[in-house]
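Following: one structure in structure tokens, then a few remarks.
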């Protein structure tokens with residue numbers, strides 16, 4: 001879906017169908033609500049949030065939303081992410097199913113804590 005180099009998150013989001021734009025805007029808001037101080041930028045041609053380093057990235061694909069909270073972010077929530085296809089530092093949320101925004105917010109909270117040096121493993 002990504003054809004041209006995007007320089008802003010707004011440009012990135014606008015290239016997708018309206019229903020995908022809504023998901024991406026909600027995901028963006030979820031990250032910004034948890035970490036308003038994080039810098040929003042494009043990196044690796046994906047929306048990226050930077051707080052003393054890369055906090056999280058996300059991207060839209062034909063059939064899923066990729067969310068990239070680093071290996072620690074995946075590992076800390078591996079039980080809750082077990083229903084989704086994942087890899088060392090990423091997880092895929094199918095576009096045709098509800099996106100777990102509350103879980104995403106908790107992962108971002110974990111990553112913020114980790115970036116601030118006070119993360120503890122998720123025990124919920």
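Quick check: the angle from helix 101-115's long axis to the longest principal axis of the chain, C-alpha only, nearest 10 degrees?
Result, in degrees: 60.
Pairing the Cα long axis of helix 18-34 with the longest principal axis of the chain, what angle in degrees results, from 0 to 90 and rounded to the nearest 10?
Taking the Cα atoms of the chain, the angle to 18-34 is about 30 degrees.
If neighbour count is taken as other Cβ atoms inside 10 Å, put 8, 48 in order from fewest to most.
On the way: 8 12, 48 21.
Sorted ascending by nearby Cβ count, the order is 8, 48.
By its C-alpha gyration tensor, with a ≥ b ≥ c as the square roots of the eigenvalues, how is the chain shaped: rounded for a/c under 1.5, else prolate for a/b larger than b/c, else oblate? Before the final figure, lay out the partial values.
Details: a/c = 1.87, a/b = 1.30, b/c = 1.44.
Oblate, since a/c reaches 1.5 and b/c is not below a/b.
For each of 5, 105, count neighbouring Cβ atoms within 10 Å of the residue's Cβ, then give the residues from fewest to most.
Details: 5 9, 105 17.
If I rank by nearby Cβ atoms, fewest first, I get 5, 105.
Sequence gap at least 6, Cα distance under 8 Å: using those rules, report the relative contact order of the chain to the nearest whole percent. Provide the component values of the computation, followed by the final result.
Working: 168 pairs, mean separation 26.7, N = 124.
That works out to 22 percent.
Bear in mind these aren't lab numbers, they're just calculated from the coordinates by the rules spelled out. The structure presented is a predicted model; accordingly, all values stated were derived computationally and were not measured. No Cβ is skipped: glycine too gets one built from the backbone with ideal geometry, and neighbour counts run over all protein chains shown.
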